[in-house]
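Student: Quick one: the structure is below, questions incoming.
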Amino acid sequence: MIKHVRRNVLKETPIHCVLKTDIEFSLQSSHCLKLFKKLVGVVERKYCVTVAQYFVHKSHIHILIITPVEKNLSLAIGYISSMMARDFNKRFKRKGRYWADRFYSSVKITAQEIRRAIYYVANQLKGVNPFHCRFCSLSDGKIIPRMILNRIGVGTSVKKFEDVVLLGKTPYKYRAKKKPATRDIQLSFFN
C-alpha cells in the first residue's frame, strides 16, 4: 500500500497539476472538453480557486491552479475528476476506475519556475499557436491573474506575456553567458 504524502500548497502560489486517465478514450472529444470547461467555472466559484491555465490532452490534463487555502486544491481537483468520471461512466453504462491515480502536483515558487510552467502548459502541441488551439485555456480568452504576471515580471503587458508563452523567454533583458574567448591559431606549413 502506497502511503499518501502530504501535498505542498502555498497561499497564492501557482501549482501545476496533472490528471491522467486509465481509459483509452480521448479527453479531447467535444463532449469531454465542454464538460471540463464547465467544471472549471464551477470549481472557481465553488472553491474560490483560480485556474490560471489548462491544456487538455487525449489521455491527461495539465492545470495551473492558484488556491487561497490548502485544502481547496484537493477539493477542486477532486470535484473535477469525480464529475468527469461520473459523466463518462453514466454515458457509456460502465463501472470502475476512470482516472489512473491521484493527481500529480508541484508548487511553482520562483519567477523562473512559473514562467516555465506557463510555457510548458501552453505549448503542448508542437507548431501550434496556443492562442488558437481549442484545447488550451488561452484560446478561450482566459486571463492569467495579475499577481502571476507581476511575479514573472510582465505586469499587464499582453505583448510581453505572449513572448513568455510563445518563446518561453524572460520578458526582460537576460544576460547570456559569455562564451570563452577562442584564439585564432594560424598554422603555417611553409616555415
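Student: Restricting attention to the stretch 25-35, which residues are of a type in the set (Phe, Trp, Tyr) and in contact with a strand residue (DSSP E or B) (Cβ under 6 Å, 6 or more places away or on another chain)?
Tutor: Passing the criteria: none in range.
Student: Looking only at the stretch 1-40, count how many residues are more than 22 Å from Asn89 (Cα to Cα) and modelled with pLDDT of 80 or more.
Tutor: Result for the stretch 1-40: 5.
Student: Which condition does Phe92 not pass, out of (1) within 27 Å of His132 (Cα to Cα); (2) surrounded by fewer than 17 Cβ atoms within 10 Å (Cβ to Cβ); (3) of a type in the set (A, V, I, L, M, F, W, C), if it passes all the others?
Tutor: (1)
Student: Please give the strands (runs of 3 or more DSSP E) falling wholly within the stretch 38-139 in which 2 or more residues are hydrophobic (A, V, I, L, M, F, W, C) and touching a strand residue (DSSP E or B) at 6+ places or on another chain (Cβ under 6 Å).
Tutor: Result: 50-56, 60-66.
Student: May I ask you to say which residue of Ile109, Ile118 is surrounded by 15 or more Cβ atoms within 10 Å (Cβ to Cβ) and either touching a residue at least 24 places away in the same chain (Cβ under 8 Å) or within 26 Å of Asp22 (Cα to Cα) (or both)?
Tutor: Selected residue: Ile118, the only one of Ile109, Ile118 that is surrounded by 15 or more Cβ atoms within 10 Å (Cβ to Cβ) and either touching a residue at least 24 places away in the same chain (Cβ under 8 Å) or within 26 Å of Asp22 (Cα to Cα) (or both).
Student: In the list Val51, Val69, which residue meets the criterion of being under 13 Å from the mean Cα position of the chain (by Cα), in contact (Cβ under 8 Å) with a residue 12 or more places away in the chain and within 24 Å of Arg115 (Cα to Cα)?
Tutor: Result of the check over Val51, Val69: Val51.
Student: Follow-up question, since we're still on this one. Working only within the stretch 140-157, note down all residues that are under 27 Å from Lys38 (Cα atoms) and either of a type in the set (Lys, Arg) or part of a helix (DSSP H, G or I) (or both).
Tutor: Asp140, Lys142, Arg146, Met147, Ile148, Leu149
Student: So, in the stretch 121-135, exactly how many residues are surrounded by 15 or more Cβ atoms within 10 Å (Cβ to Cβ) and under 24 Å from Asp22 (Cβ atoms)?
Tutor: Number satisfying all stated conditions: 3.
The values are calculated or read from the model by the stated rules, or taken from the named source; none is laboratory data. In this text, all values refer to a predicted model and were calculated from it rather than measured experimentally. Glycine also receives a Cβ, built like all others from the backbone with ideal geometry; neighbour counts cover every protein chain displayed.
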